[in-house]
Amino acid sequence: MNRGPRTEGRARARDGRLSRLGPRSSVLGLLLCAPLSAQQASGYTETITSHITSRTASAELGRTLVREIAYRASMRGDTLVMQATMVRLEEQSERGVVRHDTDGFTGGRWKLLPTGSGGWQVVERPFVPPALVEVNDLAAAMDDFFPPAPPLLPRDGRFRDSAGRAWRRLADSAAVQRFRWERASTLDTTAVARDTILLRIEESVREVSQLQLDARGAPSGWTREIETEMLSRGAGRGVRATVRQRIEVRRLP
């Protein structure tokens with residue numbers, strides 16, 4: 001099964017805007033809330049490490065995919081433009097290490113528009129060379145790049161939002177507010193493979209993640225730990241895939 005880091009953990013939420021103490025807007029909105037005339041391009045670095053293992057009755061295969069991207073973010077009217085200024089894509093397996101050529105993708109841009117729910121909708125995606133699509137769906141990188149906004153909580157406060165995330169506010173570090181959230185979900189679906197084989201797919205996802213907000217309440221960094229278990233059965237065969245993924249994002253000065 002060939003799934004990129006972003007599509008391997010699909011149970012990633014996008015709202016979480018309400019708490020018992022009142023609403024909090026999108027965390028990116030907090031970051032870009034200055035007047036347009038005062039906004040400067042900001043940047044992020046994102047590193048995703050995915051360990052993928054697939055097992056059948058007769059074999060087990062494993063590989064590790066590391067994706068690192070540096071982004072530049074800027075506002076053009078009400079449109080958010082995210083540009084990939086550096087891309088590294090490396091695959092490790094029993095066959096060795098492969099460093100994929102990403103020159104054909106570097107410089108690609110996404111355009112996003114704000115939604116009525118406080119999030120962002122991707123309205124334009126960059127072109128991804130076919131050779132890279134086979135390794136990782138880079139065009140989907142913005143589908144859930146930004147973290148959910150935390151509820152307004154006192155220190156050590158807890159809250160479960162409408163998306164099923166269990167939030168906790170951790171101890172502050174200097175002027176940095178720290179939050180943690182957990183979420184678990186399961187999904188049973190069916191799919192057709194090779195036009196004739198009916199597959200039953202069971203998927204479970206567990207996420208344990210943290211978010212840091214600076215003194216303005218804007219995100220300065222976040223980490224996400226996501227484990228996905230998938231079991232597919234069909235035509236008398238079963239395949240179990242496990243994806244353990246760590247996502248680290250830091251805002252550049």
Return the residue satisfying two criteria in turn: it lies in the range 48-84 and is charged (D, E, K, R) and under 30 Å from Gly238 (Cα atoms), and of such residues it is modelled with the highest pLDDT.
Arg67
Assess whether Arg72 counts as being touching a helix residue (DSSP H, G or I) at 6+ places or on another chain (Cβ under 8 Å), in a strand (DSSP E or B) and among the basic types (Lys, Arg).
no
When the residues of the range 190-234 are filtered to those that are among the small types (Gly, Ala, Ser), part of a strand (DSSP E or B) and surrounded by fewer than 17 Cβ atoms within 10 Å (Cβ to Cβ), which remaining residue is modelled with the highest pLDDT?
Ser204
Pick from the range 91-127, criterion closer than 22 Å to Thr64 by Cβ and in contact (Cβ under 8 Å) with a residue 24 or more places away in the chain, ranking: surrounded by the fewest Cβ atoms within 10 Å (Cβ to Cβ)
Glu94
As an exercise: evaluate Arg125 against (1) more than 19 Å from Tyr44 (Cβ to Cβ); (2) of a type outside the set (A, V, I, L, M, F, W, C); (3) modelled with pLDDT of 95 or more and give the number of the one condition it does not meet.
(1)
Residues within the range 85-102 that are at pLDDT below 95 and either of a type outside the set (S, T, N, Q) or in a loop (DSSP other than H, G, I, E, B) (or both), tallied
3
Which of the residues spanning the range 157-189 are part of a loop (DSSP other than H, G, I, E, B), in contact (Cβ under 8 Å) with a residue 24 or more places away in the chain, surrounded by 11 or more Cβ atoms within 10 Å (Cβ to Cβ) and more than 20 Å from the chain's Cα centre (by Cα)?
Leu170
Out of the range 81-98, which residues are touching a helix residue (DSSP H, G or I) at 6+ places or on another chain (Cβ under 9 Å) and of a type in the set (Gly, Ala, Ser)?
Ala84
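The values are calculated or read from the model by the stated rules, or taken from the named source; none is laboratory data. Remember, predicted model here, so these are calculated numbers, not experimental data. Every residue, glycine as well, gets a Cβ built from its backbone with ideal geometry; the counts of neighbours run over all protein chains shown.
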